[in-house]
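Step one of this worksheet: look at the structure below.
Nothing in this text is a laboratory measurement; each read-out follows from the coordinates by a stated rule. Since this is a predicted model, take the numbers as computed values, not measurements. Please note: Cβ atoms are built from the backbone with ideal geometry, for glycine as well, and neighbour counts cover all protein chains shown.
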Amino acid sequence: MKKAFALLTVAAVAVFCVLSAGAAAPAKVSGSVRLEGSAPKRTPISMAKEPVCAAKHGSSPALSEDVVTDSAGNLQNVVVYVSAGLADSPAAPPPEPAVITQDGCSYKPHVLALQRNQKLRIVNADQTSHNIHPMPESNREWNKSQPPGAPAFEETFAREEVGIPVKCNVHPWMRAYISVFKHPYFAVTNESGAFSIANLPPGTYTISAWQEKLGTVSQSVTVGAGEGKTIQFAFKARPGM
Ligand SMILES: [Cu+2]
């Protein structure tokens, strides 16, 4: 009888260990975003008014970045993020800053995502002055001038907000978009339109994809412990976009 009880205890502990290990195993949602229909042609940006930037681009001028696809129609610069389904527990921002660089009178990256209160480091790599000016709806608006050779500076955004437009008060063609999240479950699609959101707690989520010209599309996905799911998003090309 004692032996049987001991065996039962061992079995119970084993089951508990397996269950708790399973519950702790994070899930992953990855996939890609594409544009259905023909992508608009990217147009060259004239930087004649800023010769140091024009010279940086040489014989291949910078191209418009509002819709960027590869030859298969995969969309770059789409922000993919969990928009519903997470427990509302605040996530501490990562210690390393996100970085945006003004280089050749373009913002690199063109689309950036970070956590609220995570530092955003702003770098001027050009031999000219820039004036970075985010235009948020629910965060604090600011704009700062950065002469050539000036040190990088840091700013933060306190509230969740998707697609904050950023302009340069000196160079009207410069445009970037910053998205701020209260959790770490977001990604920006790469040149192949791919994204990956890892370390998700198992659950059912609404995943949204935001593109500056095309808006937002969403879908629901359920991931179990340790599970990886692949999902696809598609935007439809509109005439004259
Ligand atoms: Cu500028």
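Given a 10 angstrom Cα cut-off, can you work out which residue in Tyr205, Tyr177, Tyr107 is the most mobile in a GNM of the chain? Maximum fluctuation in the GNM of the chain, among the listed residues, is at Tyr205.
Counted residue by residue at 0.36 nm each, then reduced by the alpha carbon distance between them, the extension gain from Ala194 to Lys108 reaches 29.1 nm. Across the chain, the longest run free of exposed loop sites, meaning GluC sites (Glu not before Pro) lying outside DSSP classes H, G, I, E and B with no more than 12 other Cβ atoms within 10 Å, spans 1-136.
Between Thr206 and Ala92, the C-beta separation translates, for a Förster distance of 30 Å, into a calculated FRET efficiency of about 0.80. Among the trypsin sites (Lys or Arg not before Pro) in the range 84-161, those placed in a DSSP loop whose Cβ has at most 12 other Cβ atoms within 10 Å are Arg140. Ranked by the mean number of other Cβ atoms within 10 Å of their residues, highest first, the peptides 72-80, 232-240 fall in the order 72-80, 232-240.
Modelled spin-label separation between Leu63 and Ala84, with each label point placed 7 Å from Cα along the Cα-to-Cβ direction: 3.7 nm. Each label was represented as a point 7 Å from its Cα along the Cα-to-Cβ direction; for Thr43 and Asp70 these points are 2.7 nm apart.
Cross-link check: pairs Lys28/Lys213; Lys28/Lys119; Lys144/Lys167; Lys41/Lys108; Lys167/Lys213 evaluated at a Cα-Cα cut-off of 19 Å; pairs beyond the cut-off: Lys28/Lys213; Lys28/Lys119; Lys41/Lys108.
Each peptide in 167-173, 52-58 gets a packing score, the mean of other Cβ atoms within 10 Å over its residues, and the list from highest to lowest is 167-173, 52-58. Taking 0.36 nm per residue of separation and subtracting the current Cα-Cα distance, fully stretching the chain between Thr101 and Lys28 would add 23.3 nm.
Hey, what number do you get for the chain at 222 nm if only DSSP H runs of n ≥ 4 count, each worth -39500 (n - 2.57), divided across all residues, to the nearest 500? Rounded to the nearest 500, it is -4000 deg cm²/dmol. Shown for the range 135-181 is the translational diffusion coefficient from the Stokes-Einstein equation, using the Kirkwood radius over Cα pairs, a temperature of 25 °C and a viscosity of 0.890 mPa s: 205 µm²/s.
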